[in-house]
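Have a look at the structure below, then the notes.
Only the coordinates and a few stated rules stand behind these numbers; no lab work does. Since we're looking at a predicted model, the values are computed, not measured. Glycine also receives a Cβ, built like all others from the backbone with ideal geometry; neighbour counts cover every protein chain displayed.
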Amino acid sequence: MADVIAFVVAAIAALCGIVWIGLGIAGWTGLLHRNRYFGIRSVETMRSEKAFATANRVVAPGLIATGMLALVAAGLAFTQRGLAGIVLGLVGTIIALLLVGLLSGTAIRAVAALPADPEPGCGSECGCGGHEESADACVDDEDICGTGTTCGGCEMRDACFDDDATTRA
């Protein structure tokens with residue numbers, strides 16, 4: 001039974017390691033674009049494509065190294081098996097997970113220190129109007145992105161940013 005648990009721990013550690021290495025490479029090379037699922041996503045990093053790319057480029061080398069640490073933990077869990085494999089795999093994976101958290105926090109602080117990009121206006125990424133005082137700022141409250149939400153009152157902000165990357169600077 002302990003061998004099965006060690007194998008499961010090894011599989012989880014290996015999967016985490018592969019994902020972290022892949023995300024590190026994508027962030028470093030600039031292939032990782034702002035999205036809702038992968039990369040460092042916080043208020044600071046999601047404010048613009050540039051902020052997202054900067055955060056993921058900052059964290060990339062550490063993320064690759066942490067992924068390698070998780071792969072080493074997976075190898076230890078698989079080769080040692082039994083209780084030793086479980087302990088080595090869990091300790092290595094937990095340390096790698098803590099490092100990913102610390103690296104992410106560092107990247108968020110680095111992006112927060114950057115000057116803010118000029119505000120393009122409320123919902124302009126989806127074609128809505130700007131911050132004008134009038135109620136006519138939006139285009140007839142139409143459902144621009146097909147999300148079931150209109151752009152009146154700025155509720156469209158970031159509702160459909162990954163539909164068309166060309167609308168972002």
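Assuming a viscosity of 1.567 mPa s and a temperature of 4 °C, what translational diffusion coefficient in µm² per second does Stokes-Einstein assign to region 1-105, Rh being the Kirkwood radius over Cα pairs? This corresponds to a translational diffusion coefficient of 92 µm²/s.
Computed from the alpha carbon positions, the gyration tensor of region 31-72 leads to an equivalent ellipsoid with semi-axes of 22, 10, 8 Å, biggest first. The simple Förster model, with R0 at 35 Å and r as the Cβ-Cβ distance, assigns ALA113 and MET1 a FRET efficiency of 0.10.
Using Cβ point charges alone (K and R +1, D and E -1), the dipole size of region 24-67 about the Cα centre works out to roughly 120 debye.
Rounded to the nearest 20 debye, the dipole magnitude of region 2-112 is 380 debye, with +1 charges on Lys and Arg beta carbons, -1 on Asp and Glu beta carbons, and the Cα centre as origin.
Please report LEU97, LEU76 as a ranked list, fewest other C-beta atoms within 10 angstrom at the top and most at the bottom. Don't skip to the end; give the middle numbers.
Numbers: LEU97 15, LEU76 21.
The order, fewest Cβ neighbours first, is LEU97, LEU76.
Say the dipole of region 1-73 comes from +1 at the beta carbon of Lys and Arg and -1 at that of Asp and Glu; which of VAL43, MET1, PRO61 then lies farthest toward its positive end? Going by the charge dipole, the pick is VAL43.
Phi angles across region 70-87 convert, under the Karplus curve 6.51 cos²θ - 1.76 cosθ + 1.60 with θ = phi - 60°, into 3J(HN,Hα) values of 5, 5, 5, 4, 5, x, 5, 5, 6, 7, 7, 6, x, 5, 4, x, 4, 5 Hz, Gly and Pro given as x.
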